Amino acid sequence: MNKTAFILIISTLIIFSSCKTQQNKSDETSTPEQTTKNDTLVIQGVEITLNLDTIIPKEPALEERIIDFAHDFQKNIAPKQKANYVSSPVSLYLAMGMIYEGAKNNTLEEIQNTMNFPKSELFYEQMSPYYKALLEMNADTNMKMNIANKVYLENSFQILPEYQQNLNTLFKTNIEKVDFKNQFSKVENQINKWVEKETQNKIKQLLPKSTLTKETLMVLVNAIYLKAAWRYPFNESATTEKDFFINEKETVKTKFMTQRKKGFKHYSNKRISVLEIPYKTNHLSLLIILPKTSTNEKINRWIPNQNEYQYYLDHLKYKTVYMEIPKFKIESNFDLGEHLSSMGIKEAFTNFADFSGISGKKEAKIDKVIQKVFFEIDEKGTEAAAATAVVMVRTTSVNPKVDTPVNFIANKPFIFILKENTNNTPLFIGTYSRP
């Protein structure tokens, strides 16, 4: 059976624990800010009226926030990866969004700053249309897509009606009561089976054995599955085996998909070449960022920041392109707790965590964040799946013009980004450096 071009799977696990510390922080009170639209200055007897709306910078749009976080996140996890890897910043963003809805005070601020979330009072307003746009991709007959959220809740752990409503209305979350105390192993298997089903059997064993315990309070799971064909499929008879240059001294033989076609967007300068490969659906495209000089040891420095990423997108031009793209498969597993902590989410992992927006009490903290990814690309298209789980555990502590044809030979390490095209947010980002 031929595999469809690209299979990607992600799992993220966030584990909470209850905090029984007697040291409670008092709720912060605030008074409404008074907004001044205009102000007047007197300079040498002349009154000058200033429109502050033109001076005070506007809040960035949610898609800008997600793009910014995605590239910061990828740069943070890159140094500890030894070979090919792929992650899903959007899957993590959605999972942490469900947690953000229940955070308060300093815990909320750390999550907000690290994840680049809007202020809590604006979160629903901005996240709702973005998430709705993702769900609407399900209706595109040129692709298959499924996004699902589910919460497994310990029978004895009572959550606030407002928090439950937020999960239901914003993230379309299904909540199921379970017995972690007496049947945590059974529930662990139950969660894994749900993830397999929602990702078309692409994500298996999202939760490693003994991840859950009798102290587990809640598991929040986000699953994403998509399948899309290339707009211009590669001819399998044109696939050829050639050298892939890992670095200056090491090469490996691997299979390259090849074709020469017009209608591909391309950008290049003296240092880098960028190719956007379209899918049959207009909702998705694959961006490949290929440095002119690249090695597996140095490829991660080419992960673009938000400004570089936007620059590439703004300067892509339609070209006739001869391309050689390797077929590849990547599987990645991440324990993201350490990464998120180093990026600024610290208190949420301690007994001083304040997730009182979930249950009304400061009794939960994040224990683990785990992500699992599988990604495969071949001649026909792309199949992708992602699953993100958030687990709470109890503890005993507190028609374009075609230009001159160009060559795009991806025979050395490169960065790839699978993005949705409405807002250009990266659904998946990865590095391919060794066949």
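The values are calculated or read from the model by the stated rules, or taken from the named source; none is laboratory data. Predicted model only: the values in this text are computed from it and were never measured. Cβ atoms come from the backbone with ideal geometry, glycine included; neighbour counts cover every protein chain shown.
Within segment 242-262, is even one residue under 26 Å from LYS280 (Cβ atoms), among the aromatic types (Phe, Trp, Tyr) and assigned by TED's automatic domain parsing to the domain that holds THR320?
yes
Considering segment 351-375 alone, what residues qualify as being under 19 Å from VAL86 (Cα atoms) and touching a Phe, Trp or Tyr at 6+ places or on another chain (Cβ under 6 Å)?
The one that is under 19 Å from VAL86 (Cα atoms) and touching a Phe, Trp or Tyr at 6+ places or on another chain (Cβ under 6 Å): GLN371.
Quick test of your reading of the structure: TYR311 fulfils all but one of (1) of a type in the set (Phe, Trp, Tyr); (2) at pLDDT 85 or above; (3) crowded, with 23+ Cβ neighbours inside 10 Å. Name the failing condition by number.
All conditions pass for TYR311, except number (3).
In segment 64-84, which residues are outside any helix (DSSP H, G or I) and either in the same structural domain as LEU427 (by TED's automatic domain parsing) or of a type in the set (A, V, I, L, M, F, W, C) (or both)?
The one that is outside any helix (DSSP H, G or I) and either in the same structural domain as LEU427 (by TED's automatic domain parsing) or of a type in the set (A, V, I, L, M, F, W, C) (or both): ALA83.
When the residues of segment 366-422 are filtered to those that are closer than 15 Å to PRO278 by Cα and of a type in the set (Ser, Thr, Tyr), which remaining residue is modelled with the lowest pLDDT?
Going through the qualifying residues, I end up with THR382.
Report yes if some residue within segment 255-270 is part of a strand (DSSP E or B), over 20 Å from PRO405 (Cβ atoms) and touching a Lys or Arg at 6+ places or on another chain (Cβ under 8 Å); otherwise report no.
yes
Looking only at residues that are among the polar types (S, T, N, Q) and either assigned to a loop (DSSP other than H, G, I, E, B) or modelled with pLDDT under 80 (or both) in segment 350-365, which one is nearest to LYS255 (Cα to Cα)?
Ranking the candidates gives THR350 first.
Quick one: in segment 154-186, of everything that is charged (D, E, K, R) and not in a helix (DSSP H, G or I), which residue is farthest from the chain's Cα centre (by Cα)?
Among residues in segment 154-186 that are charged (D, E, K, R) and not in a helix (DSSP H, G or I), the one farthest from the chain's Cα centre (by Cα) is ASP179.
For a quick check of your reading: which helices (runs of 4 or more DSSP H) sit entirely within segment 89-151 and have at least 1 residues that are buried (at least 21 other Cβ atoms within 10 Å of the Cβ) and of a type in the set (Val, Ile, Thr)?
Result: 89-100, 105-115.
Could you count how many residues in segment 247-290 are among the polar types (S, T, N, Q), within 16 Å of PHE328 (Cβ to Cβ) and crowded, with 20+ Cβ neighbours inside 10 Å?
Here the count works out to 0.
Mind checking whether some residue in segment 220-240 is polar (S, T, N, Q) and touching a helix residue (DSSP H, G or I) at 6+ places or on another chain (Cβ under 8 Å)? Talk me through it step by step, then tell me what you get.
Taking segment 220-240 and keeping what is polar (S, T, N, Q), we get 222, 235, 237, 239-240.
Still in the list and also touching a helix residue (DSSP H, G or I) at 6+ places or on another chain (Cβ under 8 Å): 222.
Among the residues of segment 220-240, at least one is polar (S, T, N, Q) and touching a helix residue (DSSP H, G or I) at 6+ places or on another chain (Cβ under 8 Å), which makes the answer yes.
Could you say which residue among GLU162, GLU188, GLU125, GLU154 is under 22 Å from VAL90 (Cβ atoms) and of a type in the set (Asp, Glu)?
Of the residues listed, the single one that is under 22 Å from VAL90 (Cβ atoms) and of a type in the set (Asp, Glu) is GLU125.
So ASN296 clears everything in (1) in the same structural domain as LYS253 (by TED's automatic domain parsing); (2) in a loop (DSSP other than H, G, I, E, B); (3) modelled with pLDDT of 90 or more except one condition, right? Which one?
(3)
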